[in-house]
Each structure stands twice: as structure tokens, then as C-alpha cells.
1. Return a yes/no flag: does the stretch 252-270 have any residue that is under 23 Å from the mean Cα position of the chain (by Cα), at pLDDT 95 or above and farther than 27 Å from Ile47 by Cα.
2. Taking Asp295 and the conditions (1) in the same structural domain as Phe192 (by TED's automatic domain parsing); (2) in a helix (DSSP H, G or I), which numbered condition does it fall short on, given that it satisfies the others?
3. From the list Lys76, Lys71, which one is within 22 Å of Glu329 (Cβ to Cβ), in a helix (DSSP H, G or I), at pLDDT below 80 and of a type in the set (D, E, K, R)?
4. Among the residues of the stretch 31-68, how many are in a loop (DSSP other than H, G, I, E, B) and over 16 Å from Asp176 (Cβ atoms)?
5. Being part of a helix (DSSP H, G or I) and over 23 Å from the mean Cα position of the chain (by Cα) is the filter; apply it to the stretch 408-424 and report the residue that is surrounded by the fewest Cβ atoms within 10 Å (Cβ to Cβ).
6. In the stretch 107-154, how many residues are touching an Asp or Glu at 6+ places or on another chain (Cβ under 9 Å), hydrophobic (A, V, I, L, M, F, W, C) and outside the structural domain of Thr257 (by TED's automatic domain parsing)?
7. Taking into account only those residues within the stretch 1-42 that are at pLDDT below 95 and among the polar types (S, T, N, Q), which is surrounded by the fewest Cβ atoms within 10 Å (Cβ to Cβ)?
8. State which residue is surrounded by the most Cβ atoms within 10 Å (Cβ to Cβ) when the search covers only the stretch 284-307 and only residues that are farther than 20 Å from Pro318 by Cβ and touching a helix residue (DSSP H, G or I) at 6+ places or on another chain (Cβ under 9 Å).
Amino acid sequence: MADSNATGAGGGTGRAVIWIAAAVIACLSVFLINGRPLFYFDTVGYISQGHTGLRQLGIRGESPLNVRMEKIRAQKAAEGVVEGVPDTTEIEAENTVDGSRSTVYALTTALLARFHALEGLMLLNIAAVLIAIWLPMRVASRRWGLSVPVSEAVALPVIVACLGSLPFFVAYLMPDTFAPVLLLVIGTLTVFGRGMRPWEVILAILVGIFAIVSHLSHLAIGLVMIPAVALISLILSRQRWWLPVAYVALIVGAGFTEQSLLRTAAKAVSDAEVVIKPYITARMIEDGPGLKYLDKYCPDAHIPTCKLHEALQWSDDPYRITASHITFETSPRLGSFRLMTPENQKAVADDQIAFFFAVLRDQPFGVFRALLRNVFVQAGWVSVEMTIPTDNIIAQNADVTGLAFSTFDHGRITRDTAWLGPVTLWQQFLYAASLAVILALVLLPRRVPGEIKALAVMVILGILANALVCGGISQPATRYGARVIWLLPLIATILVVFARRSRRFDVPAEARA
């Protein structure tokens, strides 16, 4: 990340190193304070699925779950349990592959776990974030010049973003950081794609492809963003407006290709079926229209989801119809989907798209009302609380190996979370102030180049797309909002850098809004 406008080679390089080092330290701040990474229930799921994938590819090695699985078997043997309800820790099931998890991210996680280097996921997060910000800053500096070196233009927004949720997600051993990275890549290709050098375009597309295949929700976000890419690209210039659309479509196409290859490989290598959890079905049921539809038409052998409706009758606990309980719960009181036979689970999961459109035709206004409500709720949920491992999360990951310097346990900030309330209030203020700065600098004429304003608009649209996918289709959760909301202070700082620049340099009229 050399500075193109440095006055001296040695001084410029040294200053660049200092700025980038400061940004890296800021990104690692939560990890350094906590003393170990943050993790979630599904961290062990990625490790397990990745280990199984490596084994099927012929890459042998000791399973990071060996100790945990032995303890589970010993415990069940002591209790005299031979078979029973599914256990969420026993996730190395034969003849099934969880398509809800990214195979690419799972393989990466398992490979690092085998080398006891899971902390490397944090370095991967940092590298992706820095590259995603460096690319637009590099192109913008080449076009207009900057009042600060490129390294500072990259590092300063990152440091400000680290006052928000960014360092929590850098320390989080989950693929969430790649959602905002994908949004930055899409914004960069939309705004600057026609003026980028070939290697810059290739790098952006490669980062975007890894980001989009790292989680299934990222594929949906990329798909939703294509109309926005076309619109903003056309507004900026009619010349080759289709080129950014083609770049983003290539990234989205790679995501669909990965899903197709997963199914082909699973069938060919291990005669396994890919099953995606019925997130959409569960969401429709909790929101109301889906449950009303099932109550109205079930039982019906021609509606596969009626099998889930039957399972929901096994208990009268009202909490059994929440989306998270439908999808994950295994207890007799709250479970339903996970207590069904594998054949019925697959039938319900495969039917979720058809079920969505059937409910939409039956109750269009109810579906749209629920969708808008969920998007609104999701957009306002930005706390980092779900990145903090609880006792249950720690128990889920206990005895799993893979970390180099610690174990899956409480850190200095996770056992006592009294700090979470004040930090959440501070971060909410930061995001509100950042949004105000963005709106002011985007709306004020002749302060910031039009392309930089367009980048800000693309990021805001991306945040809304994230809320639509995660809140409207899946389950609204603070984790999904917090993972992208740090883009607000980041973009606000970039706008300020260019607003400051416009007072020092003569900006060509065609480069301004």
C-alpha cells in the first residue's frame, strides 16, 4: 500500500507502515483486550464440517473434535443412552452436508484448526477489510489526488470504524466480516470499475468471490444488490454502464457455482445430500402468514411443509414456533424440525422456496407487512452482544482444539459484560452521528466528488440489503446488523477526507456532484 503522493521514498514508506500498523492494532483491539478470540455456537460447526470435507478430499489429519466427541460418547454410555434426540454437538452426520454453511469457509477454518492456527481467521478478516478499502482509495487518489497519503486515507477510516463494531467482528471466528467486505467491493466496482486497472479489477473480483462464498446470506445480498449496481452505474455515466453490472454478476455467479459444485461433489464423493436449513419457512411461520397457511391447508400430502406443521403439534409451548427454535432446537418441548426424520427434514428444506411463493400468493399483504417490519427491526439492531460467547456457547465449543494461544473459554471481557450497555449506547451515538455526516456531505453540493458520494450511497443501500436478507428472510438478530454497521463511520470518515481535500485542491467540475 505504497503512497503515490509521498515526498520521499523512505519517509513515505515508513509513514505508510506506521499508519497501516495502527489500523491493524485497532482492528485487533478487542482480541488484545479479551486475550482470546470471540466465537459462536456455529464455530464448532464450521470446524467439524471442514474437517469432514478435508477427509473426503483425501487430506487426512487429526480431528479437532476428537476430545469433545469422546467425552460425548462417554457421557452417553454412562447414562445408558443408545439413541435419542439429535445432539447439536454431534454434527459429523453421515450422508448429509449442511448447505447452510459455506464449504469454502469451513475448509479454511478446519485447515487452520489442524495447524492450531485458528487465530489466522482474524488476520484474514483484517487483510480483506484493508484491501476492500485500499482499492477505492487508490483509484480515487490516482484520479483526484488526496490531501493525505493513501495509507492514511485507508488507515484513518478503519481506525474510526474500530470505535464501533469492527474489532469485535475481526476477533469473531465466524464469516460475518465478509458481508461488509462484499458491500465495499460491490460499491468499488460500481463506482470505479470502468476506470480501474485490470489487476485492480481482478483483485476486487477475487476478494468479492471469497466474500460471497463465505456465507449463504452473502449470496442473497449480492443478488439483491445487482439492481442497485445497474441504477447507480447508469446515473454516473451511460458509457459502458453495463461493465460494473457484469463484474458484480460474475461475483454472484461464482456464488451460485460454488453451491452447484457443492451438491455435485457431495453426491460424487460421499453419496451425500446437501440440506439447507429451512430459514425462510421458519421465518414465515413465526411472522404469522406461514402458520396461517399451514393451519388452513394441512394435512395435505402434496404440501411437504405439512410434515413440519405436524411436528409443531408435538408440543403446546408457544415458543416452539419461533424461527430459531424451529430451525435449531432439539428438545421435545421446543423442537420440531430437528426431531423429524432425515427424509422429512430434507423434504421441508427443499420446499422452502415453493412454500414462500405459495404463502405469498395466499396472503400477499400479510407477507409484505411482515417483511417490512422485519427489515425495520433488523436495521435498528446493531449491538455486538451476539459476538460475546455465553456459557452455553462455551460449552458447545469446549474441548475443541485449533487455537494457538488459548482455548475456547471466557476471556477478560466475556465473563462480566457490565460494559456492554455503555458501549452499545456509545456505538449507537457513533452510528447516528456518522449517518448525519454522510447525509450532509452527500447532499451538500460541490464538497465531495460525485463518485465518492455514489460510493456512500452504495454502502447505505448495501446495509439495507443486509437488513432485507437477514431480517426479512432469516431471523432478525443484533449480530446481523452489527456486522455491517461499522461501514457508517468508515464511509463518513472517507467523505470527510475528501471534503477536506476539496478545500486544498482545485477539483475539476466534472468530478463534483
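The values are calculated or read from the model by the stated rules, or taken from the named source; none is laboratory data. Keep in mind that this is a model prediction, so the values were computed, not measured. As a convention, Cβ positions derive from the backbone with ideal geometry for all residues, glycine included, and neighbour counts pool all protein chains shown.
1. No; the residues of the stretch 252-270 include none that is under 23 Å from the mean Cα position of the chain (by Cα), at pLDDT 95 or above and farther than 27 Å from Ile47 by Cα.
2. That leaves (1) as the condition not met.
3. Working: Lys71 fails: within 22 Å of Glu329 (Cβ to Cβ).
None of the other options fit; the residue is Lys76.
4. Going through the stretch 31-68, the residues in a loop (DSSP other than H, G, I, E, B) turn out to be 35-37, 39-42, 57-65.
Narrowing the set further to residues that are over 16 Å from Asp176 (Cβ atoms) leaves 35-36, 57-65.
Final tally of qualifying residues: 11.
5. Applying the first criterion (part of a helix (DSSP H, G or I)) to the stretch 408-424 yields 420-424.
Still in the list and also over 23 Å from the mean Cα position of the chain (by Cα): 421-422.
Values: Gly421: 11, Pro422: 9.
Among residues in the stretch 408-424 that are part of a helix (DSSP H, G or I) and over 23 Å from the mean Cα position of the chain (by Cα), the one surrounded by the fewest Cβ atoms within 10 Å (Cβ to Cβ) is Pro422.
6. 1
7. If we take residues in the stretch 1-42 being at pLDDT below 95 and among the polar types (S, T, N, Q), then Thr7 is surrounded by the fewest Cβ atoms within 10 Å (Cβ to Cβ).
8. In the first step, residues of the stretch 284-307 are kept if they are farther than 20 Å from Pro318 by Cβ; the result is 297, 299-304, 306-307.
So of that shortlist, the ones also touching a helix residue (DSSP H, G or I) at 6+ places or on another chain (Cβ under 9 Å) come out as 297, 299-300, 303-304, 306-307.
Values: Tyr297: 15, Pro299: 10, Asp300: 12, Ile303: 18, Pro304: 19, Cys306: 19, Lys307: 21.
Applying the filter and picking the extreme gives Lys307.
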